Amino acid sequence: MYFYNDHRSDTPWGDTRPDYGREEVRQYLRDNALMWIEKYHCDGLRMDVTSYIRYEGGGLGYDTEIEEGNILMRDINMEIREKYPHVLTIAEDLKGDSRVTDGVEYDGLMYGSQWDMNFVHPVREVIEDTHDDGRDLEKIVGALSFKYSNDAFSRVVYTESHDEVANGKARVPEEIQPGDAESDFAKKRAILGMVLTLTAPGIPMLFQGQEFIEDEYFKDTEALDWGKLEKHEGIETLISDIIQLRTGKMPGGKGLRSQHIEFLHVNNETKILAYKRFDANDPTEPVLIILNFSNQEYKDYGIGLNKNQPFILKINAGSEIYDNAFSNMEVADVEFVDKVTDAKHFTGKMNIPAYGALIYTME
């Protein structure tokens with residue numbers, strides 16, 4: 001009596017799609033959502049496979065749309081926004097559809113954010129490629145700049161999730177170098193993915209154990225390999241440092257908490273990518289990120305900068321201070337030269353380790 005009694009009951013999990021047209025069913029689901037907020041004080045809700053609430057087969061197509069499901073989700077999100085504006089609702093929709101996070105005036109479902117397939121897939125493709133010359137930095141540019149509903153925070157960005165590291169798939173370092181996930185290649189490129197996640201516009205998400213190079217595929221019946229936390233304590237510290245910069249516990253990172261990104265240098269020959277995160281309303285704390293997607297280190301590498309800003313090295317993700325096997329290459333603050341590069345008035349020069357990630361602030 002709780003489920004559809006026609007073909008709409010069919011889902012990959014059995015004949016169990018609730019009858020969203022029944023008032024009692026909608027009330028039950030609404031009460032359940034509010035319970036987690038009101039009784040257990042959750043600060044957010046992630047709703048699973050919302051595409052199967054929206055569509056019979058879980059895919060886009062107006063001929064299979066379940067409008068009653070759309071109404072259910074919209075009503076729940078509207079009530080939560082009205083009563084608890086600090087609570088974030090997230091959709092694991094994975095259809096790249098802005099309607100999920102659009103406002104009601106655009107016939108949207110009013111989720112606060114949604115998992116972004118336009119980030120995870122291209123980023124994993126680039127960092128898992130076994131050949132440096134095959135990496136296409138334009139895919140990274142697209143992944144960093146994508147938005148839903150004209151709001152960077154309407155998407156959750158990540159390289160690992162319970163789906164991405166199970167069901168025949170593996171953790172990023174294991175995909176990079178199967179059977180040797182703790183190799184330098186695997187660790188450094190996995191870190192590139194985490195740096196992208198934590199410096200991209202949007203809401204960053206890390207999966208359990210990702211910060212200490214967990215390489216086993218996800219099983220909810222097995223614990224994490226906590227021995228790796230001790231073994232890769234330096235990498236865990238690195239990720240903690242970036243998080244503290246992102247959240248404001250470490251000064252100088254306000255630009256990471258903004259909507260804005262500017263690509264300063266995209267070189268598919270050298271595989272160097274440089275971008276600046278900044279707040280257009282308060283430009284006092286821009287953050288400069290330099291990423292090297294090749295196994296070639298560079299000395300006195302030049303990127304174009306619009307003005308002579310005193311960028312100071314904040315985090316060198318490829319430094320041996322985080323892992324003994326990493327680079328001992330000397331990396332300093334940005335050196336400015338009055339020379340045109342990338343059609344910009346100034347050139348910033350720095351040393352860049354192989355598969356390196358450098359974060360500069362103006363503090």
Exercise. Got a sec? What order do 121, 7 fall in by accessible area at 1.4 Å, biggest, i.e. largest, first?
Worked result: 7, 121
Exercise. On the accessible surface of the chain, probed at 1.4 Å, how many percent belong to carbon and sulfur atoms?
Worked result: 48
Exercise. How big is the accessible area of residue 130 in square angstrom, nearest 10, if you roll a 1.4 angstrom probe over the protein chains?
Worked result: 100
Exercise. How large is ³J(HN,Hα) for each residue in region 248-254, as worked out from phi by the Karplus curve 6.51 cos²θ - 1.76 cosθ + 1.60 (θ = phi - 60°), to whole Hz, x for Gly and Pro?
Worked result: x, 5, 10, x, x, x, 4
Problem set entry | Shape parameters for region 1-82, alpha-carbon atoms, Rg then Dmax in Å | 13.2, 39
Problem set entry | lysines whose Cα lies under 26 Å from that of residue 219, excluding same-chain neighbours fewer than 8 positions away | 95, 169, 187, 188, 228, 231
Exercise. Roughly what would the spin-label model give for residue 180 and residue 35, points 7 Å off Cα along C-beta, in nm?
Worked result: 5.1
Exercise. Which entry is the computed Cα extents along the principal axes in Å for this structure: [x] 81, 42, 41; [y] 71, 47, 39; [z] 50, 49, 43?
Worked result: [y]
Seminar exercise, completed: Here, region 103-261 modelled as identical Cα point scatterers in vacuum has Debye log10 I(q)/I(0) at q = 0.15, 0.20 Å⁻¹ of -0.84, -1.35
Problem set entry | Accessible area in square angstrom per residue, the chain, 1.4 angstrom probe | 46
For this session: Please work out the FRET efficiency for the pair residue 121 and residue 338, using the Cβ-Cβ distance as r and a Förster radius of 56 Å; give the result to the nearest 0.05.
Result: 0.85
Exercise. So what J values fall out for region 193-199 if you push phi through Karplus, 6.51 cos²θ - 1.76 cosθ + 1.60 with θ = phi - 60°, rounded to Hz, Gly and Pro as x?
Worked result: x, 6, 5, 4, 4, 7, 10
Problem set entry | For region 212-305, convex hull volume per residue from C-alpha positions, Å³ | 170
Problem set entry | On Cα atoms only, tilt of 23-38 relative to the major axis of the chain in degrees | 40
For this session: Go ahead and set up a Gaussian network model of the chain, Cα springs under 10 Å, then flag whichever of 180, 97, 220 fluctuates most.
Result: 220
Problem set entry | Accessible area, probe 1.4 Å, largest first, for residues 212, 207 | 207, 212
Seminar exercise, completed: The ³J(HN,Hα) series, computed from each phi in region 307-317 with the Karplus coefficients 6.51, -1.76 and 1.60 at θ = phi - 60°, rounded to the nearest Hz and given as x for glycine or proline, is 8, 7, 9, x, 6, 10, 4, 9, 9, 10, 5
Problem set entry | Contour excess over end-to-end distance, with Cα ends at residue 222 and residue 22 and 0.36 nm allotted per residue | 68.1 nm
Exercise. What relative contact order, as a whole-number percentage, does the chain give when Cα pairs under 8 Å and 6 or more residues apart are counted?
Worked result: 10
Problem set entry | Over region 10-141: Rg over Rh, Cα atoms, Kirkwood Rh | 1.06
For this session: Pull out a ≥ b ≥ c, the square roots of the eigenvalues of the alpha-carbon gyration tensor of region 57-129, then state rounded if a/c is under 1.5, prolate if not and a/b is larger than b/c, and oblate in the remaining case.
Result: oblate
For this session: Return the whole-Å distance between the Cα centroid of region 100-119 and the Cα centroid of region 1-24.
Result: 24
For this session: Calculate, in nm to one decimal, what residue 163 and residue 280 gain on full extension: separation in residues at 0.36 nm each, minus their alpha carbon distance.
Result: 38.6 nm
Exercise. Taking the Cα centre of each part, how many Å lie between region 155-178 and region 295-363?
Worked result: 29
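The values are calculated or read from the model by the stated rules, or taken from the named source; none is laboratory data. Keep in mind that this is a model prediction, so the values were computed, not measured. So basically every Cβ, Gly included, is an ideal-geometry build from the backbone, and we count neighbours across all protein chains shown. Calculation scope for accessible area: heavy atoms of the full protein, side chains included, ligands and nucleic acids excluded. Shrake-Rupley method; radii C 1.70, N 1.55, O 1.52, S 1.80 Å.
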